[in-house]
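The structure under discussion appears below in the form of structure tokens.
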Amino acid sequence: MIGEELRRLVSWSERHRRLVARLTMVLVLTLAIDAIGAVLMWRLERTADGSEIHGFGDALFFSTVQLLTVSSQLRNPVTAAGRVVDVILEFWAVLVVASVAGSFGSFFLGDDSR
């Protein structure tokens with residue numbers, strides 16, 4: 001029984017490939033969303049009065065932190081368009097967490113007999 005479980009532990013089945021493919025796809029899309037969000041935030045907020053985003057590094061920090069934690073130590077965007085981008089970044093972050101949780105759930109509840 002232990003030997004069978006150890007073989008399952010080191011085996012690479014179709015469901016492993018599906019999980020890795022899903023996680024890779026989410027990572028690549030999130031990196032693209034992060035880059036696009038950073039460029040948009042930089043363009044929209046860098047000259048706005050009261051904004052704490054002055055350079056591209058600030059914008060990249062803001063968009064990355066929004067995607068990772070749905071919060072930031074920087075003041076929220078001060079322009080209306082910046083707020084829209086912020087909401088989209090937050091929506092993407094919540095969507096990714098739910099999708100990744102579902103992918104892991106599907107992986108662990110999947111049928112080992114296939």
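The values are calculated or read from the model by the stated rules, or taken from the named source; none is laboratory data. This one's a predicted model, so the numbers in the text were calculated from it and none came from an experiment. Virtual Cβ from ideal backbone geometry, glycine too; neighbours counted across all protein chains shown. Surface accessibility is based on the protein's heavy atoms, side chains included, excluding ligands, DNA and RNA. Shrake-Rupley method; radii C 1.70, N 1.55, O 1.52, S 1.80 Å.
Computed from label points 7 Å out along Cα-Cβ, the spacing between Ala32 and Ala81 is 2.2 nm.
In the chain, inverting the average of 1/r over every pair of distinct C-alpha atoms gives 16.2 Å as the Kirkwood radius. Counting only Cβ charges, +1 for Lys and Arg and -1 for Asp and Glu, the dipole size of the chain around its Cα centre is about 320 debye. Give the calculated FRET efficiency between Val97 and Glu4 to the nearest 0.05, with a Förster radius of 22 Å applied to their Cβ-Cβ distance. Step by step, r from the Cβ atoms, then E = 0.05. For Arg18, the accessible area of its heavy atoms, probed at 1.4 Å with every protein chain present, is near 90 square angstrom.
May I ask you to order 28-34, 103-109 by the average number of other C-beta atoms within 10 Å around their residues, highest value first?
Working: 28-34: 13.9, 103-109: 12.1.
Highest-to-lowest ranking by the protection proxy: 28-34, 103-109.
Once every DSSP H run of n ≥ 4 in the chain is given -39500 (n - 2.57) and the sum is divided by its residues, what mean residue ellipticity at 222 nm do you get, rounded to the nearest 500 deg cm²/dmol?
Using -39500 (n - 2.57) per qualifying helix, the result is -26000 deg cm²/dmol.
Protein heavy-atom accessible surface, 1.4 Å probe, per residue over the range 11-114: 63 Å². When a 1.4 Å probe is rolled over the protein heavy atoms, the share of accessible surface on the chain that falls to carbon and sulfur comes to 68 percent.
At an R0 of 22 angstrom, the distance between the Cβ atoms of Leu68 and Glu14 translates into a FRET efficiency of 0.10.
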